[in-house]
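The values are calculated or read from the model by the stated rules, or taken from the named source; none is laboratory data. Only a predicted model underlies this, so the values are computations on that prediction, with no experimental measurement involved. Because the Cβ atoms are built from the backbone with ideal geometry, glycine has one as well, and the counts that use them run over all protein chains shown.
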DNA sequence: CAATTAACTTAGGAGTGCGCCA
DNA sequence: TGGCGCACTCCTAAGTTAATTG
């Protein structure tokens, strides 16, 4: 069953090999070889003129302590280096890397002066930018060589790309949101830290397991599935969502019935499921306190995360959600719900403290077990996929106008995509240059408008001219001017569409839903139906990822 | 049944490199 | 031709799910 290949490399002392045989049940391959991960470049000590000062006095740090100090120095411009937790965590871990002497001297982070280091790194980055073309080429070529050597594996008889074959370089952990571990040291990973995880191994690799880094598993280089396998999985995901489509009415009827159940746990389950379905909330696993940022999903919602309004702005039974979800992105929404849901929520919240669980008789495992019974392969996240894809399809139907030109059709597509992103709460920070680039675009529009009125004036006079002269030449001139006007009108329209699109997209991230939630066949079909080139919707990487869909969907495809 | 954890999937932001425009 | 903004790629964090363990 198992074939083993060990490839030695001059760079690393151990080469990881993963050989698993799982052909029968979702088996992907039975022979695999790869060259192991690429380690972070070794630490280069600072030149002696770049100094560190403690309490105003120059101090030469040991290489170990110096390296960690540089991590902090590189972050000096970030606001989080001023945060107490960040500083506390950093200082604690930094001290662990110090010599006994350094430890005895350096006792207060406030007395540390990293500015020379910081300046040095800024200068370095400037220098990098100022490199000549040849130097840049050289670096690029070296990266390419590394990619060729380590970025691929042999899987059965095919050469396949590997994802993250580079080991994370050491640095300071910066979690998202209010993370209790921010500022902690992420150690450098050395070859001897690598433990090979394989089912059966030869000589040098006899231990199975994973090494730990910063409380979180370091995952040995994972392989990109061959694109056909990746596509297969993707396809399956959307097929499951389509099966949900077939029975979603039944499930909805079911959970509405369950709102009336005598059993509290059933009612909680049913209300949670309603939220997951209606609002595309995530499942919401419970998390260990103090280990991660305080974020929640559906099952882990707390009383403090919602407010109930029997009446609000003319609507009955309004629920206001306000909580931090994945990546500490705020979810804020005010939605009217059915009376039964509202009454249930009142009950769930009765006699509870703000930090008590809303669904105290429910967790993701209970919920998913229930879903599994309702439909094979159904889990909470299938609802997100289903609702995202069905929304795209509906919105495309609604928003696309047959005689719109291509840019207008693409605007419609983006708007449909946007509706999904809003549903899934995919947000982004407004780009730093947003205001400026908006102004620039507006200036372009104004210029184009001027150009248009000029062109119109010229057309008018050409017409007048032609009326008097009545010769071929002046007739032709009218035609030319007419075409010019038309062209400028189109250009103007394109710019205006662009402006609308960009404005509406200010705080919304479209990429996540496009990549992970939207059945690509919907988009492919839409492109085919309206003659929009697929390149306008998917870039090169995306076209590769969705090759399976581009191949198989025709214009009548229905999700 | 709860805790642990492997495996997989989804997420936003930083950095950069490339195309477009003046 | 050079500067600038934007799209894309990479990075790594942070979810979900299911299997295992005791």
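Of everything in the range A:534-553, what is in contact (Cβ under 8 Å) with a residue 12 or more places away in the chain and within 15 Å of DNA strand C (Cβ to nearest atom)? Give them in sequence order. A:534, A:536, A:537, A:538, A:542, A:544, A:545, A:546, A:547 - these are the residues of the range A:534-553 that are in contact (Cβ under 8 Å) with a residue 12 or more places away in the chain and within 15 Å of DNA strand C (Cβ to nearest atom). Of all the residues in the range A:395-426, those that are buried (at least 18 other Cβ atoms within 10 Å of the Cβ) and in contact with a strand residue (DSSP E or B) (Cβ under 7 Å, 6 or more places away or on another chain) number 4.
Scanning the range A:516-531 for residues that are surrounded by fewer than 19 Cβ atoms within 10 Å (Cβ to Cβ) and either farther than 27 Å from residue A:281 by Cα or within 9 Å of DNA strand C (Cβ to nearest atom) (or both) yields A:528, A:529, A:530, A:531. Checking the range A:416-428 against the condition returns a match, with at least one residue being part of a helix (DSSP H, G or I) and within 14 Å of DNA strand C (Cβ to nearest atom). When you look at residue A:433, is it within 16 Å of DNA strand C (Cβ to nearest atom), at pLDDT below 95 and surrounded by fewer than 19 Cβ atoms within 10 Å (Cβ to Cβ), yes or no? Here the answer is yes, as residue A:433 does meet what is asked.
Selection over the range A:283-296 of residues that are without any contact (Cβ under 8 Å) to a residue 40 or more places away in the chain and near DNA strand C (Cβ under 8 Å from one of its atoms) gives a count of 1. Scanning the range A:83-118 for residues that are in a helix (DSSP H, G or I) and within 16 Å of DNA strand B (Cβ to nearest atom) yields A:86, A:117, A:118. Among the residues that make up the range A:357-374, is at least one of them more than 16 Å from DNA strand C (Cβ to nearest atom), surrounded by 17 or more Cβ atoms within 10 Å (Cβ to Cβ), touching a residue at least 12 places away in the same chain (Cβ under 8 Å) and at negative phi? No, the range A:357-374 contains no residue that is more than 16 Å from DNA strand C (Cβ to nearest atom), surrounded by 17 or more Cβ atoms within 10 Å (Cβ to Cβ), touching a residue at least 12 places away in the same chain (Cβ under 8 Å) and at negative phi.
Which residue, of A:475, A:506, is assigned by TED's automatic domain parsing to the domain that holds residue A:406, more than 10 Å from DNA strand C (Cβ to nearest atom) and without any contact (Cβ under 8 Å) to a residue 60 or more places away in the chain? None of the others qualify; the one that does is A:475. So is residue A:274 exposed (fewer than 13 other Cβ atoms within 10 Å of the Cβ) and under 30 Å from residue A:428 (Cβ atoms) or not? Criteria not met by residue A:274. Of everything in the range A:137-187 that is assigned to a helix (DSSP H, G or I) and near DNA strand C (Cβ under 9 Å from one of its atoms), the residue that is surrounded by the most Cβ atoms within 10 Å (Cβ to Cβ) is A:147.
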